[in-house]
Each structure stands twice: as structure tokens, then as C-alpha cells.
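Where a number appears in this text, it was derived from the coordinates with a stated rule and is not lab data. Owing to the predicted nature of the structure, the values given are computational and were not obtained by experimental measurement. All Cβ positions, glycine included, derive from the backbone under ideal geometry; neighbour counts span all protein chains shown.
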Amino acid sequence: MTRLLVCGIAVMDYVHRVETLPTVEGKHRSTSFERIGGGCAANAAVGAARLGAEVTLMTRLGADATGDELAAMFADRAITPAFARGGRTPLSSILIDSRGERMIVNFPGLDLPTAPPSPPEFDVVLSDCRWPEAADAALRAALDRGVPSVLDGEKYTPEPLAALASHVVFSAPGLRDFTGIHDLPRALADAAARLPNRVAYTDGPNGVYWADGPHVPAPRIMPVDTLGAGDLWHGAFALALGRGLDLIAASTFANTAAALKCTRAGGWDHYPTSDELENA
């Protein structure tokens, strides 16, 4: 079984479903509500585990009841913990409209630890940028061991951190933020010129675009809920690299997993399994 180390943020999500996303101030009514686990790294870890990876999650949880609850949720999903505890756990309030689009307000936590635990044995690394000290340690460990590493390039990605990863996959907003260039093909070329390894960006229903490489389109679907789809993409892609798949095959695997997730409303228990992906 492929051993995946995922490093970054875990969040408790408060999810409201609404007909349309608010555009003005005032009171707004939701049609349903869920309190679920979330966060870039946490979503990727759970998604990869459901796809067959042996996952260790290196994350920070508050020394509070919410941190205890998240830790129990990870244990229930066979995620091996590499936690640092202290301070207050990150939270997000999320609105999802009838088309599956979302609006997120995030509290990133308070007084969380900075020093990471020692990385365990692994075959591949995935990290976001929300815990820079741990991301740096994990990506350097991957370099030392000569194994693949993937950086989830959201907004505020530090260039020195991105330079450590064998594969940097930005979101479209993350790529624009990193380069300061709005036109995505130009932004991709700029990022690729600045970073030493493989660089790409994901663009939702349009799939993934690799610099000096292929465009790998996504399956056509009717989306119901896009929450966590990009995080799941990164978890599935890292798992595929760890299994030895080439760039196109790994991208196709990740595209299919993320697309299947978007056809379902709900949190971690609705992420696709390996059997479902094989039959998709």
C-alpha cells in the first residue's frame, strides 16, 4: 500500500446550503446545515485514504473540544496522526448554493504550535502552505529520500517553499496570486520559469494544465457540490504519483476522483472510494 504523508491544515466546517450566494448585507436563510471536517490537507488525506492510500496526516489541532472531535474523526477514517496540539482549532463558515458553488470565511486558528513532529516513513508527500515549518520539513525530507512531493498552490504560496516540491499544482486563483498575472497561460509560463520542477494549475471543469506539457481535461458532469474537490484532486494525484503513474495517468486519476466527488453533496463520507473510481 502506498504510504502518503499529508501536511497542512485541518478545519471544522460549518456548512450552510442556500439557494443563491448573498450579494448584499442582512439576514439570509439556509435550507440545511452540517458540521463536518474540512481543510485542504485534511480533505486530501481522507480522500486519499478512501482511494486506498496509507495516510499519515501532519496537522495542528487546538487544545480544545473541536480539536478532540477532529482527532476522533480522523481516527474513525484510519488516518495515522502526526498532530501538534495547542491553541484554538481553525474553523470555517461555508455557504454552498444550488449550483454547487461556494463562499468561505475562514478562522485560521489561534496560538497554534509551529514546530512539526518528525516525518514518518513515506512514499510520497503532499503539502499545503498553511503550516510553513511543517511543509518545509516534509518537502525537504522528500528531496532527501528521492520521492515525489506535491505542493497545493493556493493563494499566498511562498516561492522558496514551492521550489522544494517536485510538482507544484496551483489553483487558478493561487497561480494568479503567485505571479501577479491574470492571464492563466502567461501566468503558468511565468511560474514555470521561476520554479525548478513540474508546474500546473487546475481549472475546475476544464481539468489541469501543465507547463511544457499536456492539458488533461476533466470528465463532463453536472456539479452538485464542489466543496473539497480541489483538495481531493491533490490527494488523488499524490497517491497516483506514489503508485508510479506517469503525469497524464496521475492527472486523469485525480480529475476523475474530483469530478465524481462533485456529483455528490456532503462531506468526507461521500468522497469516492477506490471501487467507485474503478467503475466510474
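Some notes on this structure:
- Per-pair calculated FRET efficiency, R0 = 45 Å: Thr23 and Leu277 via Cβ, rounded to 0.05: 0.75
- Mean separation of Cα pairs under 8 Å and 6 or more residues apart, divided by the residue count, gives the chain a relative contact order of 19 percent.
- With helices as the sole contributors, the chain gives -10000 deg cm²/dmol at 222 nm; each DSSP H run of n ≥ 4 counts as -39500 (n - 2.57), and the sum is divided by every residue.
- Computed log₁₀ I(q)/I(0) - Debye formula, equal Cα scatterers, no solvent, segment 92-209, q 0.13, 0.19 Å⁻¹: -0.58, -1.07
- Using the empirical formula 2.2 N^0.38 Å as the baseline, the Cα radius of gyration of segment 1-116 reaches a ratio of 1.16.
- Mean projected area (nm²) of the alpha-carbon convex hull when segment 115-157 is viewed from all directions: 2.9 nm²
- By the count of neighbouring beta-carbon atoms within 10 Å, fewest first, Trp233, Trp131 end up ordered Trp131, Trp233.
- In nm, spacing of pseudo-spin labels at Arg3 and Arg140 (7 Å Cα→C-beta vector): 2.1 nm
- Segment 138-155-segment 4-67 distance, computed between alpha-carbon centres (Å): 23 Å
- Ordering Leu184, Trp210, Val147 by Cα displacement along the dipole of the chain toward the positive end leaves Leu184 in first place; charges were set at the Cβ atoms of Lys, Arg (+1) and Asp, Glu (-1).
- Only beta bridges with both residues in the chain are counted; by DSSP, about 35 percent of them are antiparallel.
- In units of the rule-of-thumb radius 2.2 N^0.38 Å, the chain shows an alpha carbon radius of gyration of 0.94.
- Fraction of alpha-carbon pairs over 20 Å apart in segment 124-280 - percent: 47 percent
- Residues of the chain were split at every exposed loop site, defined as GluC sites (Glu not before Pro) in a DSSP loop with at most 10 other C-beta atoms within 10 angstrom, and the longest piece left, sites excluded, is 122-280.
- Computed on the Cα trace of segment 40-85, the radius of gyration divided by the Kirkwood hydrodynamic radius gives Rg/Rh = 0.95.
- Spacing of the modelled spin labels on Asp64 and Val105, each 7 Å from Cα toward Cβ, amounts to 1.6 nm.
- Note on His182 and Asp76: the model spin-label points, each 7 Å out from Cα along the C-beta direction, lie 4.5 nm apart.
- For the chain, size of Cβ-based charge dipole, Lys and Arg +1, Asp and Glu -1, in debye: 200 debye
- Exposure rule at most 11 other beta-carbon atoms within 10 Å, DSSP loop trypsin sites (Lys or Arg not before Pro): the chain longest free segment: 30-219
- Kirkwood estimate for segment 70-159, i.e. one over the average of 1/r between Cα atoms, Å: 15.4 Å
- Segment 1-86 - share of DSSP beta bridges that are antiparallel (%, nearest 5): 35 percent
- For segment 122-280, DSSP calls about 30 percent of its internal beta bridges antiparallel.
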